[in-house]
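The values are calculated or read from the model by the stated rules, or taken from the named source; none is laboratory data. Predicted, not measured: the structure shown is a model, and the values here were computed from it. Ideal geometry is used to build each Cβ from the backbone, glycine not excepted, and the neighbour counts take in all protein chains shown.
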Amino acid sequence: MEKLRGFEIAKGFEDKGITMPVRKTKFSAGYDITSAEDCIIPGFKKGMKPTLVKTGIKAYMQDDEVLILANRSSNPGKKGLILANSIGVIDKDYYGNPDNDGHIMFAFYNIKEEDIEIKKGDAIGQGIFQKYYVTDDDNAQDERIGGFGSTNK
């Protein structure tokens, strides 16, 4: 079977009992993604950086596709968790990169005063595969040389 798009365990997480993303209903757009480990997301303080929550997974896809990471709709109201960048964009060439093998992480801020505990296996967000288009005059030729946040380095 030809591999078109999907999820795999990222290097370093092979024996960690990672839960693979799944769609819960036949009309769901998103694959529910869970935390790879217990972590604490501290209550917000001015100037703090977002907390990266590990998933232990990576994603492969076609050349003209992207994986969009979205927050769970219940996270802001129930847990005070918002994504630092509103959405996450996982490009095809993030998969297998030399820095982190394409390991997907969610960057959260906790807008509540109290710390929020995330347990291993807790659903933290969702991933949606989408096709994208390029402009007529696009001629991007560079190749990714790193992992998380490396595009402009």
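Applying the criterion of at least 1 residues that are of a type in the set (Phe, Trp, Tyr) and either in contact with a Phe, Trp or Tyr (Cβ under 6 Å, 6 or more places away or on another chain) or surrounded by 11 or more Cβ atoms within 10 Å (Cβ to Cβ) (or both) to the strands (runs of 3 or more DSSP E) found wholly in region 14-67 leaves 31-34, 57-60.
When restricted to residues that are buried (at least 18 other Cβ atoms within 10 Å of the Cβ) and either part of a strand (DSSP E or B) or aromatic (Phe, Trp, Tyr) (or both), region 71-106 contains 9. So, in region 1-13, of the ones that are at pLDDT below 95 and within 19 Å of TYR95 (Cα to Cα), which residue ends up surrounded by the fewest Cβ atoms within 10 Å (Cβ to Cβ)? Of everything passing the filter in region 1-13, GLU2 is surrounded by the fewest Cβ atoms within 10 Å (Cβ to Cβ). Restricting ASP115, ASP136 to residues that are without any contact (Cβ under 8 Å) to a residue 40 or more places away in the chain and either exposed (fewer than 11 other Cβ atoms within 10 Å of the Cβ) or out of contact with any Asp or Glu (no Cβ under 7 Å at 6 or more places or on another chain) (or both) narrows the list to ASP136.
Does LYS11 meet the test of being at negative phi, in a loop (DSSP other than H, G, I, E, B) and among the basic types (Lys, Arg)? In short, yes. With respect to TYR60, determine if the residue is in contact with a Lys or Arg (Cβ under 9 Å, 6 or more places away or on another chain), under 16 Å from GLN126 (Cβ atoms) and touching a residue at least 40 places away in the same chain (Cβ under 8 Å). Here the answer is no, as TYR60 does not meet what is asked. ILE40 passes every criterion in (1) of a type outside the set (D, E, K, R); (2) touching a residue at least 40 places away in the same chain (Cβ under 8 Å); (3) at positive phi apart from (3). Here region 14-40 is the region considered, the condition is being farther than 21 Å from GLY88 by Cα and of a type outside the set (D, E, K, R), and the residue that is nearest to the chain's Cα centre (by Cα) is GLY17.
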